[in-house]
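Written out below as structure tokens is the structure these notes cover.
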Amino acid sequence: VDVFQAWCGPCKTVVDLFRKIRNEVGSDLLHFAVAEVDSIDALEKYRGKCEPVFLFYAGGELVAVVRGANAPLLQKTILEQL
């Protein structure tokens, strides 16, 4: 989940990375979503920040968090979680 502020917008630079990985591993294993923190109370702790935050869930549980648009770390985290 790409967690973003309304004034900042979702991290568009990472979308291509997610598409590439999803094409490689298959669409059944990897799902990508964006969530605006101002409209979701459960994400309140991520408000007021200008760096991108990516939340990784498996089986309904938060399993990893990556802060910043660090493509190599995002790719590593995705592949480790898969």
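Summary of values
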{"read-out": "Accessible heavy-atom area order of THR77, THR13, highest first, probe of 1.4 Å", "value": "THR13, THR77"}
{"read-out": "Residue-level accessible surface for LEU82, protein heavy atoms, 1.4 Å, Å²", "value": "90 Å²"}
{"read-out": "Charge dipole (the chain, unit charges on Cβ, about Cα centre) - positive-most of PRO72, LEU30, PRO52", "value": "PRO72"}
{"read-out": "Partner lysines for LYS49 [C-alpha distance under 23 Å; skip if fewer than 8 residues away on the same chain]", "value": "LYS12"}
{"read-out": "Rounded to 5, the percent of DSSP beta bridges in the chain classed as antiparallel", "value": "75 percent"}
{"read-out": "Residue-normalised accessible area of the range 1-79, expressed per residue, 1.4 Å probe, Å²", "value": "63 Å²"}
{"read-out": "Alpha carbon convex hull of the range 1-79, projected area averaged over orientations, nm²", "value": "5.1 nm²"}
{"read-out": "Which of SER39, SER27 is most accessible, then next, and so on - probe 1.4 Å", "value": "SER39, SER27"}
{"read-out": "Fraction of accessible area attributable to carbon and sulfur, the chain (%, probe 1.4 Å)", "value": "52 percent"}
{"read-out": "For the range 48-56, Karplus couplings with θ = phi - 60° (6.51, -1.76, 1.60), whole Hz, Gly/Pro x", "value": "x, 10, 9, 8, x, 10, 10, 9, 10"}
{"read-out": "The chain: angle of helix 15-25 to the longest principal axis, Cα-based, in degrees nearest 10", "value": "30 degrees"}
{"read-out": "Principal-axis tilt of helix 71-81 within the chain, Cα atoms, nearest 10 degrees", "value": "70 degrees"}
{"read-out": "Extension reserve of the GLU80-ARG19 stretch, reckoned as 0.36 nm per residue once the Cα distance is removed", "value": "20.3 nm"}
{"read-out": "Helical mean residue ellipticity (222 nm; -39500 (n - 2.57) per DSSP H run of 4+; nearest 500) of the chain", "value": "-8000 deg cm²/dmol"}
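The values are calculated or read from the model by the stated rules, or taken from the named source; none is laboratory data. Computed from a predicted structure; not experimentally measured. Methodologically, a virtual Cβ is constructed for each residue, glycine included, from the backbone with ideal geometry; neighbour enumeration extends over all protein chains shown. The protein model used for the area step is the full one, side chains on, heavy atoms only, and it has no ligands, DNA or RNA in it. Shrake-Rupley method; radii C 1.70, N 1.55, O 1.52, S 1.80 Å.
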